[in-house]
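The values are calculated or read from the model by the stated rules, or taken from the named source; none is laboratory data. All figures in this text were calculated on a predicted structure; none of them were measured in a lab. Ideal geometry is used to build each Cβ from the backbone, glycine not excepted, and the neighbour counts take in all protein chains shown.
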Amino acid sequence: MTQETISTDVVIIGAGPCGLFAVFELGLLDMKCHLIDILDKPGGQCAELYPEKPIYDIPALPVVSGQELTERLMEQAEPFGPQYHYNEMVEELEKLEDGRFRVKTDGGLVFEAKVVVIAAGGGSFQPKKPPIPGIEAYEGKSVFYSVKRMENFRNKNVLISGGGDSALDWTINLQPIVQSMQLIHRRDGFRAAPDSVNKMHALVEEKKMQFHLGQITALHGDNGQLEGVTVKGNDNNEFQVECDTLLPFFGLTMKLGPIANWGLNLHENLVPVDTEKFQTSEPGIFAIGDINTYPGKLKLILSGFHEAALMSQAAVRYAYPDAKVTFQYTTSSTSLQKKLGVA
Amino acid sequence: MRIILLDGKGREHELEAVEGWRVMEIIRDYGFPIVAECGGACACGTCQVEVDPEWAAKLHEPREDELDMLDQNYGGDWSRLSCQLIMTPELDGLRVRLADIAIREAA
């Protein structure tokens, strides 16, 4: 299937708070934005790491949760009609001969944009891999960090490791179709919906699955096909668990990912920028928020907002060198108010 | 006041500690490549340390959210999140080893 190329002013990589606010600032300057995020939702770290934790240092919001901040930024950006592309990781970024940029995602989306804004925070969220020796040999064959198609696990002897919602949900959802289901977790406390925990315990009661306390210390098998694991129990005794499929669910962590391959200057996994334009070593590619670095950089959401505003001024001049850009205030400019849909 | 940090290669470092600071912040302030990606919100688990067993009993019990994060990060018997350990004079001399998961990969 060939994908149609999406043409736009700006591709923003990352739909966290800085990417969302950049839509607003760029929108005031008539720049249309597409946002791409590896997560299935907007908000970046605010949504993935601490949706319910209060944030106290957003100007004029004495306390706000990561979730609410995300919702408000989405609302603020909405008048500018941003297009969101979730579950997509930007893999390739290249400059075209006409000065624009081509952006390709792992899901096959292709964009052509006048400017690119990297607002990728700590990089791309990827599943945490448990530090079990030799696990790489099994990955993709009998060890999987996500469930793309449930059917792939029909009649398998599945062992799920973890104590969060993903571990519990997949235990419950896969149990009816697998040959055998076992769950392993290091303690009898879960970070999951109480209802899911109760359901899991009920399945154990009905002898439809087994639950083990402990941690996997070794994998056994041949040619990437798992046959069993060694578990260190909580009383330090070791025991074996037979299984042909292992699904570890230990949450997500951030990795720089493909950004390292785009030919940009990097410094300790961060993208150096200047503090006038927040431009990278490649003219037309900008970087804002936690992913960038410059003398005095503070990794604060409010710094990212400031960076978004200054970056936008530079980005519009790069994209439309002949356009006359005047600086205006939303309080007094009728033209800005029209764009916001309030005048 | 000081803490003793064992780095990824097992080398010992003596760090000047500040009362009221999180152990994670002290380690980060010295420039060690600690991941600590959530910045101390007990939300990521990437500031994990192994506490010397002799010191473990002197620390407060981990709260539920810290236990959750240790679950997600393959914590062992002596594992704690260094963002949840706040320096007090009683902890002068605390010995911790930086967990592999807490060490930032070289760029």
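If the requirement is being more than 14 Å from chain A (Cβ to nearest Cβ) and out of contact with any strand residue (DSSP E or B) (no Cβ under 8 Å at 6 or more places or on another chain), which of these qualifies: B:Val23, B:Val18? Break it down into steps so the answer makes sense when it comes.
On the way: B:Val23 fails: out of contact with any strand residue (DSSP E or B) (no Cβ under 8 Å at 6 or more places or on another chain).
So the residue among B:Val23, B:Val18 that is more than 14 Å from chain A (Cβ to nearest Cβ) and out of contact with any strand residue (DSSP E or B) (no Cβ under 8 Å at 6 or more places or on another chain) is B:Val18.
Taking the range A:331-341 on its own, how many of its residues are loosely packed, with under 14 Cβ neighbours inside 10 Å and assigned to a helix (DSSP H, G or I)? Quick ask: steps written out before the conclusion?
The first filter runs over the range A:331-341 and keeps only residues loosely packed, with under 14 Cβ neighbours inside 10 Å, leaving A:331-332, A:334-335, A:338, A:341.
Narrowing further to those that are assigned to a helix (DSSP H, G or I): A:334-335, A:338.
Qualifying residue count, the range A:331-341: 3.
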- [ ] Identify all residues within the range A:164-189 that are touching a Gly at 6+ places or on another chain (Cβ under 7 Å), modelled with pLDDT of 95 or more and of a type outside the set (Val, Ile, Thr); write none if there are none.
- [x] A:His185
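Given the options A:Lys53, A:Lys41, name the one that is within 19 Å of the chain's Cα centre (by Cα) and within 14 Å of chain B (Cβ to nearest Cβ). Walk me through it before giving the result.
Numbers: A:Lys41 fails: within 14 Å of chain B (Cβ to nearest Cβ).
Matching residue, one of A:Lys53, A:Lys41: A:Lys53.
Pick out the one residue from B:Glu16, B:Glu50 that is surrounded by fewer than 22 Cβ atoms within 10 Å (Cβ to Cβ) and without any contact (Cβ under 8 Å) to a residue 40 or more places away in the chain. If you could, list the steps in order and put the result at the bottom.
On the way: B:Glu50 fails: without any contact (Cβ under 8 Å) to a residue 40 or more places away in the chain.
The conditions single out B:Glu16.
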Task: Subset of the range A:268-283 [touching a Gly at 6+ places or on another chain (Cβ under 8 Å) and not in a loop (DSSP other than H, G, I, E, B)] - done: none
Open item on the list: Checking A:Ala15 against (1) within 21 Å of A:Val316 (Cβ to Cβ); (2) crowded, with 24+ Cβ neighbours inside 10 Å; (3) in contact with a helix residue (DSSP H, G or I) (Cβ under 8 Å, 6 or more places away or on another chain), only one condition comes out false. Which one?
Closed with: (3)
Task: All positions within the range A:104-137 that are within 19 Å of the chain's Cα centre (by Cα), more than 22 Å from B:Ala99 (Cβ to Cβ) and small (Gly, Ala, Ser) - done: A:Gly107, A:Gly108, A:Ala119, A:Ala120, A:Gly121, A:Ser124
- [ ] Considering only the range A:154-169, state which residues are surrounded by fewer than 18 Cβ atoms within 10 Å (Cβ to Cβ) and within 12 Å of chain B (Cβ to nearest Cβ).
- [x] A:Asp165
TODO: May I ask you to say which residue of A:Leu246, A:Leu302, A:Leu226, A:Leu252 is in contact with a strand residue (DSSP E or B) (Cβ under 7 Å, 6 or more places away or on another chain) and under 23 Å from A:Asp57 (Cβ atoms)?
DONE: A:Leu302
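Out of the residues in the range B:57-97 that are hydrophobic (A, V, I, L, M, F, W, C) and within 14 Å of chain A (Cβ to nearest Cβ), which is surrounded by the fewest Cβ atoms within 10 Å (Cβ to Cβ)? Give the steps one after another, and end with the answer.
Residues of the range B:57-97 that are hydrophobic (A, V, I, L, M, F, W, C), as a first pass: B:57, B:59, B:67, B:69-70, B:78, B:81, B:83, B:85-87, B:91, B:94, B:96.
Narrowing further to those that are within 14 Å of chain A (Cβ to nearest Cβ): B:67, B:69-70, B:78, B:81, B:83.
Working: B:Leu67: 18, B:Met69: 28, B:Leu70: 21, B:Trp78: 15, B:Leu81: 31, B:Cys83: 28.
Among them, the one singled out is B:Trp78.
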TODO: Among the residues of the range A:179-222, write down those that are in a loop (DSSP other than H, G, I, E, B) and in contact (Cβ under 8 Å) with a residue 40 or more places away in the chain.
DONE: A:Arg186, A:Arg187
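Looking only at the range A:126-139, decide whether some residue is of a type in the set (Gly, Ala, Ser), more than 30 Å from A:Gln83 (Cβ to Cβ) and within 14 Å of another protein chain (Cβ to nearest Cβ). Spell out how you get there, then give the answer.
The first filter runs over the range A:126-139 and keeps only residues of a type in the set (Gly, Ala, Ser), leaving A:134, A:137.
Within this subset, residues satisfying the condition of being more than 30 Å from A:Gln83 (Cβ to Cβ) are A:134, A:137.
With the extra rule that they be within 14 Å of another protein chain (Cβ to nearest Cβ), the set shrinks to none.
The answer is no, given that none of the residues of the range A:126-139 is of a type in the set (Gly, Ala, Ser), more than 30 Å from A:Gln83 (Cβ to Cβ) and within 14 Å of another protein chain (Cβ to nearest Cβ).
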TODO: Run A:Thr253 past the list (1) in contact (Cβ under 8 Å) with a residue 12 or more places away in the chain; (2) surrounded by fewer than 16 Cβ atoms within 10 Å (Cβ to Cβ) and report the number of the one that doesn't hold.
DONE: (2)
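Among the residues of the range A:323-330, is any out of contact with any helix residue (DSSP H, G or I) (no Cβ under 6 Å at 6 or more places or on another chain) and buried (at least 18 other Cβ atoms within 10 Å of the Cβ)? If you could, list the steps in order and put the result at the bottom.
If we filter the range A:323-330 for residues that are out of contact with any helix residue (DSSP H, G or I) (no Cβ under 6 Å at 6 or more places or on another chain), which is where we start, we get A:323-324, A:326-327, A:329.
In the following step, the residues that additionally are buried (at least 18 other Cβ atoms within 10 Å of the Cβ) were identified as none.
Within the range A:323-330, not a single residue is out of contact with any helix residue (DSSP H, G or I) (no Cβ under 6 Å at 6 or more places or on another chain) and buried (at least 18 other Cβ atoms within 10 Å of the Cβ).
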Open item on the list: I want to confirm something. Restricting to the range B:27-36 and keeping residues that are within 13 Å of the chain's Cα centre (by Cα) and within 13 Å of another protein chain (Cβ to nearest Cβ), which single residue is surrounded by the most Cβ atoms within 10 Å (Cβ to Cβ)?
Closed with: B:Ile34
- [ ] Sort out which residues of the range A:173-195 are of a type outside the set (D, E, K, R), within 19 Å of A:Gln215 (Cβ to Cβ) and crowded, with 18+ Cβ neighbours inside 10 Å, and write them in order of number.
- [x] A:Met181, A:Gln182, A:Leu183, A:Ile184, A:His185, A:Phe190, A:Ala192
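Each row is one residue, and each column tells you yes or no for (1) in the same structural domain as A:Val117 (by TED's automatic domain parsing); (2) in contact with a strand residue (DSSP E or B) (Cβ under 9 Å, 6 or more places away or on another chain); (3) within 20 Å of A:Leu336 (Cβ to Cβ).
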residue: A:Val11; (1), (2), (3): yes, yes, no
residue: A:Leu20; (1), (2), (3): yes, yes, yes
residue: A:Gly27; (1), (2), (3): yes, yes, yes
residue: A:Leu35; (1), (2), (3): yes, yes, no
residue: A:Gly44; (1), (2), (3): yes, yes, no
residue: A:Glu52; (1), (2), (3): yes, yes, no
residue: A:Ala60; (1), (2), (3): yes, no, yes
residue: A:Val64; (1), (2), (3): yes, yes, no
residue: A:Leu69; (1), (2), (3): yes, yes, no
- [ ] Take the range A:101-115 and flag every residue that is touching a helix residue (DSSP H, G or I) at 6+ places or on another chain (Cβ under 9 Å) and in contact (Cβ under 8 Å) with a residue 24 or more places away in the chain.
- [x] A:Ala113, A:Lys114, A:Val115
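Which one of these is surrounded by 15 or more Cβ atoms within 10 Å (Cβ to Cβ) and in contact (Cβ under 8 Å) with a residue 60 or more places away in the chain: A:Leu266, A:Leu247, A:Leu310?
A:Leu247
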